[in-house]
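The values are calculated or read from the model by the stated rules, or taken from the named source; none is laboratory data. These figures come from a predicted structure and were not determined experimentally. Every residue, glycine as well, gets a Cβ built from its backbone with ideal geometry; the counts of neighbours run over all protein chains shown.
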Amino acid sequence: MDKNNRLLKYIVCICIIIVVYIIYNNYSRDLYNNDVFLYLNYNIDDNKYIIDRDNDDEFKKIVSNIQSKKKLYYSNIILITSKIIVSDNSLSNVQNRSVYSTETRYSQTIESIESIRKYIPNVCIFLIDNSHFNDKHIYMYNKLYELCDFFINPYKNIDLDYYTNVNKYKSIAEGYQIIYFLDVFNQLKIKYNNFFKISGRYYINNSFNINNYLSNDIIFSNDKSLVYLFYYTCFYKISSDNFYMYLNAYKIIYLNRDNTEFVERDIEYILPKLIKLENIKLITELGITQRISISGGESNI
């Protein structure tokens, strides 16, 4: 009798797992279907900004400061997207934006910068973080300014503040920082070979191989364990010849920033779809350690 009961329980458990998988799989297909991309605004123009910044004095000052110090050419450029001082507002899927304290996020950012210097040769580091570093945290600003080639800190920008502190969709939060950087970068007219992007507080580990990235390709890695498309956006590389594809993707993201059905999707799904999968080369290992803000913990990818 006990044997039959155990067998019955086993069968029931298997059935439950199968049902849950089917429901999740169907849900994922529904959430990540292609239909939303058919109705996006694709009216890309060739204006000098993604967002009009002609009357933005803070933006102009940032550009001017970088212009006075930049070189004409860098072999490798990397952008760190960062938010060291986070708000208490919830995201769409979690209550807390981060389990890490401000001090921890700051020290982790320092580690990120140090790892970049160690593993990427001839690199120019751009850090964008719109945190307001007041008197209590001014030492953080000064140290980050010292360690990076260029520290972009547009804390007065109202839209950027809203999308990184209030808006509940993570994809457009980081997206707005990248859009701001792209508008700055477009003014600089810097020549380069490779453009990297790394998420704030993530760091390059000893499995990183720079030779995997020294090609004229757009390079990502993906998570094959998921039932839907997921390309890691914590770290990727865009070659200079293909940078226009990346720029256009973020122009489209900006044009559709208020389309809830669009921005509620993960940027790990949105960005590769906009760049187009056929333009992307996949590698199996990024050589990056990720730190998940909403849950804590580390993992290598």
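Data overview
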read-out: Residue check for I172: modelled with pLDDT of 95 or more and among the aliphatic types (A, V, I, L, M); value: no
read-out: Test: L255 is surrounded by fewer than 18 Cβ atoms within 10 Å (Cβ to Cβ), assigned by TED's automatic domain parsing to the domain that holds S107, closer than 22 Å to P154 by Cα and hydrophobic (A, V, I, L, M, F, W, C); value: yes
read-out: Residues of the stretch 175-226 classified as basic (K, R), modelled with pLDDT under 95 and either closer than 17 Å to C148 by Cα or touching a Pro at 6+ places or on another chain (Cβ under 7 Å) (or both), total; value: 1
read-out: Some residue of the stretch 245-259 being of a type in the set (D, E) and in a helix (DSSP H, G or I); value: no
read-out: V99 vs. criteria among the aliphatic types (A, V, I, L, M), surrounded by fewer than 16 Cβ atoms within 10 Å (Cβ to Cβ) and outside any helix (DSSP H, G or I); value: yes
read-out: Hits in the stretch 96-155 - residues which are aliphatic (A, V, I, L, M) and either touching a Cys at 6+ places or on another chain (Cβ under 8 Å) or not assigned by TED's automatic domain parsing to the domain that holds K197 (or both); value: I113, I125, L127
read-out: Members of the stretch 195-249 that are out of contact with any helix residue (DSSP H, G or I) (no Cβ under 7 Å at 6 or more places or on another chain), within 18 Å of F181 (Cβ to Cβ) and of a type in the set (S, T, Y); value: S199, Y236, S239, S240, Y244
read-out: D88 in the same structural domain as Y176 (by TED's automatic domain parsing), surrounded by fewer than 10 Cβ atoms within 10 Å (Cβ to Cβ), modelled with pLDDT under 80 and among the acidic types (D, E); value: yes
read-out: Total residues in the stretch 260-286, condition under 25 Å from Y49 (Cβ atoms) and either part of a strand (DSSP E or B) or hydrophobic (A, V, I, L, M, F, W, C) (or both); value: 7
